[in-house]
Amino acid sequence: MTSVPPPGNDMDPIHLTGAQETLLITLYGRWQDFYSPRPLLADRWSAQVMARILDKAAETRHRMRGVLSGLPLMVLRARLLDEWAAEFLANNEHATVVHLACGLDARALRLRDGCGDGVKWIDVDFPDVIDLRRRIEMPEPASTTDGYTYEMVASSVVETEWLAKLPTGNPTLVIFEGLTMYLSPDDGQLLIKRLMDRFGSGQMIFDSMPRSTRFLLNAFLWLKGCWNFTFDWAIDDPGTLQELHPGLELLTLVRIWDMPGHERLAWWMRLAAFVASWIPILRSLMQVTRFQFQMKR
């Protein structure tokens with residue numbers, strides 16, 4: 001595939017600050033992947049959106065230069081979470097999917113064909129992010145008369161009001177990609193407990209980073225001096241999260257260099273992965289986890 005120049009439009013430039021600005025980085029990664037010779041995710045919706053806003057996010061794109069090499073790993077992370085979500089949906093025709101910190105992700109569309117008639121999908125993010133999704137006319141799946149529904153909720157995930165309004169009664173899948181590291185440890189742990197209290201049973205799938213990665217990335221951000229955020233919550237051993245509640249069980253843990261599809265990365269990234277596997281501080285830069293939860297009543 002070959003990229004096409006973005007069409008002109010009259011939309012105002014996109015200005016995001018802090019951690020919210022990183023949603024443009026992950027979108028850019030999915031756009032790059034779509035036009036690569038061997039795409040890992042092949043997200044055509046993200047490609048369409050990026051093409052429309054490419055010239056409106058010039059300020060962020062200029063600062064992206066130092067992180068472009070890591071974008072394929074972000075795409076692999078998204079693909080693994082998609083695969084786990086698809087497994088859950090295949091086993092639960094009537095389910096609720098709550099996608100926290102959805103950003104400009106088209107995950108609801110990527111997984112639409114695997115959703116049963118009884119699926120309720122909710123994308124959640126800050127009000128200015130949800131407003132941006134609407135301004136750029138982010139494509140979204142249509143609700144149907146036979147039961148499938150899609151909606152967006154504008155709220156910080158650490159607030160409580162939004163959660164109290166979500167439907168309960170069906171198995172629930174909670175997805176949060178690229179979120180844990182921006183929360184404080186207290187907020188992150190409390191969020192997991194609140195999700196369990198609200199929904200009762202289901203799965204949570206998300207990524208996290210250990211303290212060594214937090215140190216390295218915060219040092220990188222400090223040296224660059226052009227990103228207005230730092231990483232906070234670090235999880236060395238995701239299994240310890242099971243201590244938050246007796247009904248929380250770790251099902252799957254995948255380290256960054258073991259993610260399915262890594263063999264399709266560029267040769268230099270595969271070489272970097274091999275070298276990193278011998279260096280303790282680089283061995284586990286990030287992990288992706290799948291938890292099952294069941295409230296004991």
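Identify, by number, the condition in (1) assigned to a helix (DSSP H, G or I); (2) within 21 Å of the chain's Cα centre (by Cα); (3) of a type in the set (A, V, I, L, M, F, W, C) that Leu282 doesn't meet. For Leu282, the failing item is (2). If we keep just the residues of segment 113-126 that are at pLDDT 95 or above and surrounded by fewer than 23 Cβ atoms within 10 Å (Cβ to Cβ), which is farthest from Val153 (Cα to Cα)? This residue is Lys120. Does Leu132 meet the test of being more than 21 Å from Arg198 (Cα to Cα), surrounded by 19 or more Cβ atoms within 10 Å (Cβ to Cβ) and under 20 Å from the mean Cα position of the chain (by Cα)? Considered against the rule, which asks whether it is more than 21 Å from Arg198 (Cα to Cα), surrounded by 19 or more Cβ atoms within 10 Å (Cβ to Cβ) and under 20 Å from the mean Cα position of the chain (by Cα), Leu132 comes out as yes. Please verify whether segment 249-258 includes one or more residues that are touching a residue at least 40 places away in the same chain (Cβ under 8 Å) and under 30 Å from His15 (Cα atoms). No: segment 249-258 contains no residue that is touching a residue at least 40 places away in the same chain (Cβ under 8 Å) and under 30 Å from His15 (Cα atoms). Looking only at residues of segment 11-36 that are in a loop (DSSP other than H, G, I, E, B) and among the hydrophobic types (A, V, I, L, M, F, W, C), we find that the one that is surrounded by the fewest Cβ atoms within 10 Å (Cβ to Cβ) is Met11.
Restricted to segment 127-151, and to residues there that are more than 14 Å from Asp105 (Cα to Cα) and β-branched (Val, Ile, Thr), the residue that is modelled with the lowest pLDDT is Thr145. Within segment 267-290, residues that are outside the structural domain of Val174 (by TED's automatic domain parsing) have Cβ atoms under 6 Å from residues that are among the acidic types (Asp, Glu) in no pair, counting only partners at least 6 apart in sequence or on another chain.
The C-beta contact set for segment 196-225 (first residue over 18 Å from Leu251 (Cα atoms), second residue of a type in the set (D, E, K, R) and surrounded by fewer than 21 Cβ atoms within 10 Å (Cβ to Cβ), distance under 6 angstrom, 6+ apart or interchain) comprises Pro210/Asp236; Arg211/Asp236. Is at least one residue of segment 171-189 in contact with a strand residue (DSSP E or B) (Cβ under 9 Å, 6 or more places away or on another chain), farther than 28 Å from Leu73 by Cα and modelled with pLDDT of 95 or more? Yes, some residue in segment 171-189 is in contact with a strand residue (DSSP E or B) (Cβ under 9 Å, 6 or more places away or on another chain), farther than 28 Å from Leu73 by Cα and modelled with pLDDT of 95 or more.
Restricting attention to segment 145-175, the residues being touching a residue at least 60 places away in the same chain (Cβ under 8 Å) and hydrophobic (A, V, I, L, M, F, W, C) number 4.
Just name the residue that is surrounded by the most Cβ atoms within 10 Å (Cβ to Cβ) out of those in segment 186-227 that are outside any strand (DSSP E or B) and of a type in the set (S, T, N, Q). First the steps, then the outcome.
Within segment 186-227, the subset outside any strand (DSSP E or B) is 186-200, 209-227.
Those left that are additionally of a type in the set (S, T, N, Q): 189, 212-213, 218.
Numbers: Gln189: 17, Ser212: 16, Thr213: 21, Asn218: 15.
Step by step, filter segment 186-227, then rank; the result is Thr213.
Within segment 76-166, considering only helices (runs of 4 or more DSSP H) that don't extend past its boundaries, which have at least 2 residues that are acidic (Asp, Glu)? Here the list reads 127-135.
Residues of segment 85-140 that are without any contact (Cβ under 8 Å) to a residue 60 or more places away in the chain, among the small types (Gly, Ala, Ser) and out of contact with any Pro (no Cβ under 9 Å at 6 or more places or on another chain): Ala86, Ala90, Gly114, Gly116, Gly118.
The values are calculated or read from the model by the stated rules, or taken from the named source; none is laboratory data. Values in this document were obtained by computation on a predicted structure and should not be read as measured data. Virtual Cβ from ideal backbone geometry, glycine too; neighbours counted across all protein chains shown.
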